Amino acid sequence: MILNYLTDTTTLVISAIVMVFALMFHNVFQTWVAAKLGDARPKLSGFGNFDPQQQLEPMGVVLLFLLGFGWPKMVPISSRNYPGRGRKEALAWYAGPLAYLIVGFVSTLVGTILLAAGSPELYRAFLIAASYAVLHAVINLFPVFPLDGAMAALAWGNRSVRQFIEQIRQFGILGFLVVFLVLSYTGVLGALQGIFLGIFSSIARLFV
């Protein structure tokens, strides 16, 4: 969790700034993709702007600092605005995890540039921020409500997939927290994080 770095002010501040931005960027990017695919509702609802009051969910921000994972307000993507319930709507939802990956890569790149400039402390801070962003991307790929992956699966999945998601949905936030903790303690999230961060670091070094 971000509050683990209370004694490391640099990492705490940079991680907090990057991740609060990432939560808002998630919504703005998802809104942009939805508009490109024909769904203007999110943009008309104000989700295309970096407005903290519009984008941030208070409980999501609190848990970001306490657990290391948070969420913004849900973008109001509407199935009715797509030609047939399926692939295009799913792509709009998957834009969410992609947004977190973009933030993770940019943070890795900035950190790598700062390391080359002789600032290992800032490099470490941005790399930790990148790890949080990638964690959010990885988690949102899983079909667990209310994550992006679940919404995409509801749009694109078959009947069995939708029934599975609806069953988990009955447990609300508790069901999500259980899945999150299981994935964390079994090392699944860490392994996927490592793969993406390794790729990002390799690409970033090509620019320095």
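The values are calculated or read from the model by the stated rules, or taken from the named source; none is laboratory data. What you see is a predicted model; the values in this text were computed from it and never measured. As a convention, Cβ positions derive from the backbone with ideal geometry for all residues, glycine included, and neighbour counts pool all protein chains shown.
Any residue at all in segment 39-55 that's assigned to a loop (DSSP other than H, G, I, E, B), at pLDDT below 95, under 20 Å from W156 (Cα atoms) and in contact with a Lys or Arg (Cβ under 8 Å, 6 or more places away or on another chain)?
no
Could you tell me whether segment 163-177 includes any residue that is over 28 Å from G86 (Cα atoms), surrounded by fewer than 19 Cβ atoms within 10 Å (Cβ to Cβ), modelled with pLDDT under 95 and among the polar types (S, T, N, Q)?
No, there is no match, as no residue in segment 163-177 is over 28 Å from G86 (Cα atoms), surrounded by fewer than 19 Cβ atoms within 10 Å (Cβ to Cβ), modelled with pLDDT under 95 and among the polar types (S, T, N, Q).
How do the pairs read when you match residues in segment 59-72 that are over 11 Å from M19 (Cβ atoms) with residues anywhere that are at pLDDT below 90 and surrounded by fewer than 20 Cβ atoms within 10 Å (Cβ to Cβ), using Cβ under 7 Å and keeping only pairs 6 or more apart or on different chains?
Between residues of segment 59-72 that are over 11 Å from M19 (Cβ atoms) and residues that are at pLDDT below 90 and surrounded by fewer than 20 Cβ atoms within 10 Å (Cβ to Cβ), the close pairs are L66/M1; L66/L3; L67/M1.
Restricting attention to segment 128-150, which residues are under 11 Å from the mean Cα position of the chain (by Cα) and either farther than 23 Å from N4 by Cβ or basic (K, R) (or both)?
L141, L147, D148, G149
Does any residue of segment 83-94 turn out to be in contact with a His (Cβ under 8 Å, 6 or more places away or on another chain), in contact (Cβ under 8 Å) with a residue 24 or more places away in the chain and either under 22 Å from E166 (Cβ atoms) or not in a helix (DSSP H, G or I) (or both)?
No, segment 83-94 has no match at all.
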